[in-house]
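Below you'll find the structure, written out as structure tokens, and then a few comments.
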Amino acid sequence: MDFDLNEEQEMLKTAARDFLSKECPKALVKEMVQDERGYPPELWRKMADLGWLGLIFPEEYGGLGGSFLDLAVLLEEMGRACLPGPFFSSVILGGLFILNAGTEKQKRDLLTQVAQGKIILTLALTEPSASYDAASVEVEAVCDNGDFIINGTKLFIPDAHIADQIICVARTKKGTVPERGITAFLVDGAVPGINCTMLKTIAGDKLCEVIFNKVRVPKKNIVGELDQGWAPLEKTLQQATLAKCAEMVGGAQQVLEISADYTKERIVFGRSLGSFPVIQHYVANMMMDVDGSRFLTYEAAWKLSEGLPCWMEIHMAKAWVSDAYRRVTALGQQIFGGVGFIEVHDMPLYFRRAKAAELTLGDGNFHREWVARQLGLHEKGA
Amino acid sequence: MRILDFKVDAPEPVDTDTEEGRKFRQEVRDLLDKELTPEVVQARELQRDRPYDISPLAREFYRKLAAKGWLTPRAPRWPKEYGGVERSDEEQRILFEEFAARGIAGGTEYGGIQGPVIMRHGSEEMKREYLPKIARGEIGFSLGYTEPNAGTDLASLEMRAVRDGDDYVINGQKVYGTGAHYATHHWLAARTDPDAPKHRGISLFIVDLASPGITIRPLWTMGGEQTNEVFYDDVRVPVSNRVGEENQGWSYIREALGVERVVMGGVPVVGGRSVLDDLIDYAKETERGGRPLAEDPSVRQSLAQLAIENRIRRLFNYRTGWLMRKGIIPEVEAAIAKVWGNELDQRIGHIGTQIMGLYGQLEPDSKWVPLDGRVEHRYLFTVHLSYGGGSHELMRSLIATRGMGLPREPR
């Protein structure tokens, strides 16, 4: 296994960092928190032109055929820059699900358009029960004359308010095994019967309540197979979880850097803040948290890229990074003191995002539980 | 920035072995499975992963490795005229992996702690005298740094070496000399210029521990180990035994400490199984309150977290190993691996005893003791790891100042 970034990945990293530092300054990030849409279309178009939106899709579907490792490199830079917008919703949650579950036609139609920035997708999975397991999919899609009628509430759905197509995960059959009887439907975002309300969140990301009120969907809009949606969904969630980790590593790295820089400039008691051992220890702890996060994430990304089994690694990564990124932002706040507590500073951006990312796609406790299972510490009855 | 720049070899063999590689790996495994017996493993010195501080029992084991040429660092970084051995990249990687999995990594890479320093700074005479013996495992070093008044603040050491013709005459006392009672040589730091600033008046010596005037007195630790006080009473040491330049010893010691910390961060496995592996099995097999420990949510969370932190430890060690193989002594990365690994060891000991409940307090030779008392022993033994080999307070400051450029504390 070779963790060294190859030459193309180094170039991608440098190009992404340069591009984002120019096109995505913190002023823009803060502006987009207030903005209804949440991202500037011009920036989206430029990213499409760079090929970023199709980086992970195979060439036959309009993408660049990049590996997961390439994607991790890009995501890290996006996390570092706090890039606003529907990249995660459209490319990762929506796009990867289509790639994993869709028919040939669906992949060709939809992925090409996602890659070109022409449509935005999102995945409507979670409900008020706020869980990622199969049993928590309770929104029903009932068969009616060849169509399906979807009724129910989805919650915490990112970018639903601007999505051209919402992939709605619904229950089409009830039984003793919750994983069976789950179907994903492609729903036009503009269809009557969908009611979208934006939630107010800690990170200012555009999470929505999406109410499906007797929404009629033709059978041909099923993504993949009827009742068989769970397996590709689980795979997508694994990939998305790792993608989230890569984003988090980027944010954590940036917090480490700005905090360390600050300790060199700030003078207290007649000397540099960073010359106090306590502060040095904070920075050392941040460094170890960032290094551990980076190594676990990239080990998993490499294995995923090579097609090797890596669920253990992905669970370990999210369990760790969820807590580590949070710790890093907490220490960053402590190092900056009052100035970092004022909203115009960069620290609140990362502090808020770290918490949101911790809670998304399973927090530390959730993934540690999965690690325990992978270690063979079986639950009762399992 | 060094944090971003890393490359590791595969943590597990992932079918990237060639045909020859596969055969070689099997050969290595066969020998290790045969020779790393429970008795050999019992010699707790092995757990400390210092192949060149060797007890008689461990020494016998290492002699078998040496006979295969597997203890020897490889040429060309360790030149053949000093005992280096030709070995392919693949064989080197396989040796490292198989040894690391059993907690005996280190020696094959770079000749223990003293090898690299002698290689870089020793005279030609010293290199030819000592390096082949180190490579063959014929020499065991005990470290002679710490004194009653000089631990973390090592530069305050007082042991005095006075030049007298072709010798130095050395007087003073060292403490916590682990392994001095069975080592063949002392790796000794002494002051040669009392008028210079502290760091600039220290020299480094190789001393034959059989020299007249040396007295060794045992000290027993809470971790059940023997360590020692070592007294020097007008001990004569030839000038040719001085490592490198007079009064340059501090820089050599810093290098040696870097190498030592690379080794200290390693996974303390005994015969291929770590205490954590044992705890996971224990949780699966043991019932408390009518159900397996493995079903207790707090036990599941604790063991999962330790497993994750252990995985990070492994990756940190691969990083330091990679940097060492590039010929770099990675001061910051070694400090990170040491702090991480040793504090993790402490957590494993503490949480392990907790999981075992009342059984966690039983000593290794008690009736009813589970897992041979290894967890209770770890709990006691690991206490000294957060100051031994470099206090973690100092380590964290080193990491931040040399790793991220923070300014040093004014003295």
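Pick out the one residue from B:Ile399, B:Ile351 that is within 14 Å of another protein chain (Cβ to nearest Cβ), assigned to a helix (DSSP H, G or I), among the β-branched types (Val, Ile, Thr) and within 30 Å of A:Thr263 (Cβ to Cβ).
Going through B:Ile399, B:Ile351 in turn, the sole match is B:Ile399.
Please go through the range B:274-329 and give me each residue that is within 9 Å of chain A (Cβ to nearest Cβ) and aliphatic (A, V, I, L, M), ordered by number.
B:Ile280, B:Ala283, B:Leu293, B:Ala294, B:Val299, B:Leu303, B:Ala304, B:Ala307, B:Ile308, B:Ile312, B:Leu315
Which one is farthest from B:Tyr176 (Cα to Cα) among residues in the range B:212-227 that are hydroxyl-bearing (Ser, Thr, Tyr) and either at pLDDT 90 or above or in a strand (DSSP E or B) (or both)? If you could, list the steps in order and put the result at the bottom.
Start the filter on the range B:212-227 by keeping residues that are hydroxyl-bearing (Ser, Thr, Tyr), which leaves B:215, B:221, B:227.
Then drop every residue that is not either at pLDDT 90 or above or in a strand (DSSP E or B) (or both), which leaves B:215, B:227.
On the way: B:Thr215: 14, B:Thr227: 5 Å.
Within the range B:212-227, the match that is farthest from B:Tyr176 (Cα to Cα) is B:Thr215.
Answer with yes or no whether A:Thr236 is under 25 Å from A:Ser90 (Cα atoms), at pLDDT 95 or above and in contact with a Phe, Trp or Tyr (Cβ under 6 Å, 6 or more places away or on another chain). Can you show your working first?
Details: under 25 Å from A:Ser90 (Cα atoms): yes; at pLDDT 95 or above: yes; in contact with a Phe, Trp or Tyr (Cβ under 6 Å, 6 or more places away or on another chain): yes.
The answer is yes for A:Thr236.
What do you reckon, is A:Ala330 out of contact with any Ser or Thr (no Cβ under 7 Å at 6 or more places or on another chain) and either within 24 Å of A:His281 (Cβ to Cβ) or within 14 Å of another protein chain (Cβ to nearest Cβ) (or both)?
yes
So that you can scan it fast, the table gives a plain yes or no per residue for (1) out of contact with any Ser or Thr (no Cβ under 7 Å at 6 or more places or on another chain); (2) free of Cβ contacts under 8 Å to residues at least 60 places away in the same chain; (3) of a type in the set (Lys, Arg):
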residue: A:Cys143; (1), (2), (3): yes, yes, no
residue: A:Cys168; (1), (2), (3): yes, yes, no
residue: A:Gly175; (1), (2), (3): yes, yes, no
residue: A:Arg180; (1), (2), (3): yes, yes, yes
residue: A:Thr183; (1), (2), (3): no, yes, no
residue: A:Asp205; (1), (2), (3): yes, no, no
residue: A:Ile211; (1), (2), (3): no, yes, no
residue: A:Val223; (1), (2), (3): yes, no, no
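Going through A:Val177, A:Val187, A:Val191 one at a time, which residue ends up being over 19 Å from A:Leu237 (Cβ atoms) and in a loop (DSSP other than H, G, I, E, B)?
So the residue among A:Val177, A:Val187, A:Val191 that is over 19 Å from A:Leu237 (Cβ atoms) and in a loop (DSSP other than H, G, I, E, B) is A:Val191.
What tally of residues in the range B:320-334 results from selecting those that are in contact with a helix residue (DSSP H, G or I) (Cβ under 7 Å, 6 or more places away or on another chain), at pLDDT below 85 and part of a helix (DSSP H, G or I)?
Residues meeting the conditions: 5.
Would you mind listing the helices (runs of 4 or more DSSP H) fully within the range A:245-351 where at least 2 residues are in contact with a helix residue (DSSP H, G or I) (Cβ under 7 Å, 6 or more places away or on another chain), under 25 Å from B:Ala307 (Cα atoms) and at pLDDT 95 or above?
In the range A:245-351, the matching helices (runs of 4 or more DSSP H) lie at A:277-305, A:311-336.
Give the range B:216-231 a look and list any residue that's under 18 Å from the mean Cα position of the chain (by Cα) and of a type in the set (Asp, Glu), or say none.
Listed by number, the list holds a single entry, B:Glu225.
Which residue, of B:Leu131, B:Leu143, is of a type in the set (A, V, I, L, M, F, W, C), modelled with pLDDT under 95 and part of a strand (DSSP E or B)?
Just one listed residue meets the conditions, B:Leu143.
Looking for whichever is in contact (Cβ under 8 Å) with a residue 60 or more places away in the chain and within 18 Å of the chain's Cα centre (by Cα) here; the options are B:Tyr168, B:Tyr145, B:Tyr130. Which one fits?
Within the list B:Tyr168, B:Tyr145, B:Tyr130, the selection yields B:Tyr145.
Filter the range B:358-396 down to the residues that are away from chain A (no Cβ under 14 Å) and among the hydrophobic types (A, V, I, L, M, F, W, C) and list them by number.
Selection gives B:Leu358, B:Leu362, B:Trp368, B:Val369, B:Leu371, B:Val375, B:Leu380, B:Phe381, B:Val383, B:Leu385.
The values are calculated or read from the model by the stated rules, or taken from the named source; none is laboratory data. Bear in mind the structure is a predicted one, so any value in this text is a computation, not a measurement. Every residue, glycine among them, receives a Cβ derived from its backbone with ideal geometry; neighbour counts consider all protein chains shown.
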